[in-house]
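None of the figures in this text is laboratory data; all of them are computed from the coordinates on show. On a predicted model such as this, the values are computed, not experimentally measured, just so you know. So basically every Cβ, Gly included, is an ideal-geometry build from the backbone, and we count neighbours across all protein chains shown.
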Amino acid sequence: MKEREDSLNTLKLSLELLKRIPKGRTVTAPELRQQLIDVNQEFERSPRTIQRLLETLSEFYNIERDETGKPFRYRWKE
């Protein structure tokens, strides 16, 4: 049952991230991480975990990842 609970928590976190990625402007992983913590302490994860999840989401969704500087910036594609 632990695996299922972990999967459900990852799904919830992914959905929250997707809701917080803006259109028309960019946001960084640290900014998104802080937004998640502000909303619910349950979403507190390491910065690297958030970065990995954003990398995966940008592969499967219409999310642009700007790698010209660090930290990388994310937004929904036009």
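Things to note:
- Normalised alpha carbon radius of gyration of the chain [divisor 2.2 N^0.38 Å]: 1.08
- Its relative contact order, with pairs defined as Cα atoms under 8 Å and 6+ residues apart, puts the chain at 36 percent.
- Degrees, to the nearest 10: 2-20 long Cα axis against longest axis of the chain: 30 degrees
- Summing Lys and Arg as +1 and Asp and Glu as -1 over all other residues whose Cβ lies under 15 Å from the Cβ of Leu36 gives a net charge of +2.
- For the range 37-69 versus the range 1-30, the gap between their alpha-carbon centres in whole angstrom: 7 Å
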